[in-house]
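The structure appears below as structure tokens.
The values are calculated or read from the model by the stated rules, or taken from the named source; none is laboratory data. The structure presented is a predicted model; accordingly, all values stated were derived computationally and were not measured. Neighbour counts are summed over all protein chains in view; Cβ atoms, including those assigned to glycine, are modelled from backbone coordinates with ideal geometry.
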Amino acid sequence: MKKNSKPESTLVRRSTLAIGLTFAVTGCAGPGGHPKDPLEPMNRATFQFNEKADKYVMRPVAEVYDQAPLPVKTGVANFFGNIADVWIGVNNLLQGKFTDGLSDGGRFLLNSTVGLLGVFDVATEIGLEKHDEDLGQTLGYWGVGDGPYLVLPFLGPSNVRDGVSLIGDFHFDPLMQLEDVGARNSLTGLRFVSKRAALLGADTAAEEAALDKYGYMRSFYIQYRRNQIFDGQPPREKDPDDDDSSDNDKAATDKSAVGDAADKSPSPDKKESQ
């Protein structure tokens, strides 16, 4: 009996296309003003597209969702956070952080049962720490450089390493394993809206903090990802955004603009190629 193949998710198709186009233009793109951003003209165009899409579509939807009762929004965020613990645990194991990986597995089992499919975060209450790992961090842990800064359509700030890694993140996402296409797409959309609603205050702060929001977000992302890869204790180096503007210096420490930086134990043997 022949089994029908599962349709590829819209997010995967869009991400793959965006990354493919990026590699296509990398060879002909001239050097930009920022050492990490040789594709700045293309990135700024994509950034402006994302800003308009957010203004007219994503933010209004998130604002409507934000009117839901707090227990509902917390339960939804916990549910998707519980699903994410599966892939987070795999990446911790791939990085050799076996204690964290086993903890992630324990979180998933406990929250999926006692926590009613993750709606209640019982694991955090009993002291099992929530981690934040993905394939991009795993590659960075093993020395894969980040490459040029990228802004992906709809998905926002990234870089070559993290952009390519998104394909793996989406492919191994437990939601992507659902056979029911309607359920899979609905849950994926709800997760996106939940995450966007959580940033409604942060985007306003970013607007007010920087004369150049693009430069501000670029600086924040570069610093934030470096901080994640080195588990909160990156080696000291010159900030590539030091010459951009004072607004960008503020972005390096304003973790609330996108989310809280990872707060984990240091990994002294971790290296990232420059």
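For this structure, a couple of remarks:
- Residues in the range 136-153 that are on the phi > 0 side of the Ramachandran plot and in contact with a helix residue (DSSP H, G or I) (Cβ under 6 Å, 6 or more places away or on another chain): GLY147 only.
- Subset of the range 147-204 that is among the polar types (S, T, N, Q) and under 20 Å from LEU117 (Cα atoms) - its residue that is modelled with the lowest pLDDT: GLN177
- Hits in the range 196-235 - residues which are among the aromatic types (Phe, Trp, Tyr) and part of a loop (DSSP other than H, G, I, E, B): PHE230
- If the condition is being in a helix (DSSP H, G or I), crowded, with 20+ Cβ neighbours inside 10 Å and not small (Gly, Ala, Ser), then the range 88-109 contributes ILE88, ASN91, ASN92, ASP100, ASP104, ARG107, PHE108.
- Conditions (1) touching a Gly at 6+ places or on another chain (Cβ under 8 Å); (2) closer than 20 Å to ASP146 by Cα; (3) of a type in the set (D, E, K, R); (4) modelled with pLDDT under 95: number failed by LYS264: (2)
- Where ASP247 falls short, out of the listed (1) at pLDDT below 95; (2) surrounded by 13 or more Cβ atoms within 10 Å (Cβ to Cβ); (3) in contact with a Lys or Arg (Cβ under 8 Å, 6 or more places away or on another chain): (3)
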